[in-house]
1. Hey, could you check the stretch 9-42 for residues that are of a type in the set (Lys, Arg) and without any contact (Cβ under 8 Å) to a residue 40 or more places away in the chain and say which is surrounded by the most Cβ atoms within 10 Å (Cβ to Cβ)?
2. When you go through Val241, Val202, Val222 one by one, which is the residue that is within 17 Å of the chain's Cα centre (by Cα) and either at pLDDT below 95 or over 23 Å from Phe51 (Cα atoms) (or both)?
3. Would a scan of the stretch 180-194 turn up a residue that is touching a strand residue (DSSP E or B) at 6+ places or on another chain (Cβ under 9 Å) and farther than 27 Å from Phe51 by Cα?
4. Cβ-Cβ under 6 Å, sequence separation 6+ or interchain: first residue in the stretch 216-243 and closer than 20 Å to Pro146 by Cα and of a type outside the set (D, E, K, R), partner part of a helix (DSSP H, G or I) and modelled with pLDDT of 50 or more. Which pairs?
5. Could you please tell me which pairs satisfy a Cβ distance under 7 Å, a separation of 6+ or placement on different chains, a first residue in the stretch 149-172 that is exposed (fewer than 14 other Cβ atoms within 10 Å of the Cβ), and a second residue that is of a type in the set (Gly, Ala, Ser)?
6. What are the residues in the stretch 99-136 that are part of a helix (DSSP H, G or I), over 23 Å from Phe24 (Cβ atoms) and within 19 Å of the chain's Cα centre (by Cα), if any?
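The values are calculated or read from the model by the stated rules, or taken from the named source; none is laboratory data. Being a predicted model, the structure only gives us computed values, none of them experimental. FYI the Cβ positions are ideal-geometry reconstructions off the backbone, even for glycines, and counts take in every protein chain you see.
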Amino acid sequence: MFLDRFHTIQDGCVHISASQASQFAKEVAGDFNPIHDPDARRFCVPGDLLFAVVVSRFGLSRHMTFQFRALLGDGVPLEFRESGDETIEVCDQNGKVYLEVSRSGEITQDKQVVEEFIRCYVAASGKNFPHTLKPLMESKGVMFNPDRPMVMYASMSLTLDRLDADSPVLEMHSADLEANGKRGNVTLDYRLISDGNTVGEVAKHLVLGGLRPYCPDAMAGVIEEFYRLKARGSQYGVDAVET
């Protein structure tokens, strides 16, 4: 499986190093958020990598909801605990839950189907900033702290009409930002497209922190830094997803 080099298994636990997480963010998602750099002071594993590992291990269900409960750091031994057929918890050996998954309906373990879905979802997710969030924040007249941008993954849900979609692509359907003081709640709705037909829906929820009035110059600086980091990644041989 293409995810093998982005995690290791030791003593029955899954380990994700900072280096593996950073490689996944850049190579698969095209995500150059500094928080995923191995030497970042507040480093955390991308939520998309946890999502991908769960789906690769347990299969893709017709209905799934992923609730992100805590930020995951470098090399934490992870256990995947199933509760019946409908719930999976990703937790450490002390019982701290990082991701809770609920699922129902038909399941496929087909490796090609699972990989294609993971890749199409993560590719779309990697376009969140600046392509989706920048115009969304601008339209609402707010933005995150440009010195410490905080964009947290809260949850994701999917509903699939079928599990054999060929070469699926996620297309943005709608995006909304609700500002409440210094906190912003973002909802992104997608349609899953295969052979020109809608075969499923995906909804993603993000939380923005440190909201303040929108400043074009400050946002321009954040975007410039994003592309600087992306260019640096390319110099080091990172095959980033084009966003």
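1. The residue in question is Arg42.
2. When all the criteria are applied, what remains is Val241.
3. Yes, there is a match, as at least one residue in the stretch 180-194 is touching a strand residue (DSSP E or B) at 6+ places or on another chain (Cβ under 9 Å) and farther than 27 Å from Phe51 by Cα.
4. If the second residue must be part of a helix (DSSP H, G or I) and modelled with pLDDT of 50 or more, the pairs left are Ile223/Pro130.
5. Qualifying pairs under 7 Å: Asp161/Gly200; Asp166/Ser194; Ser167/Ser194.
6. Lys134, Leu136, listed by residue number.
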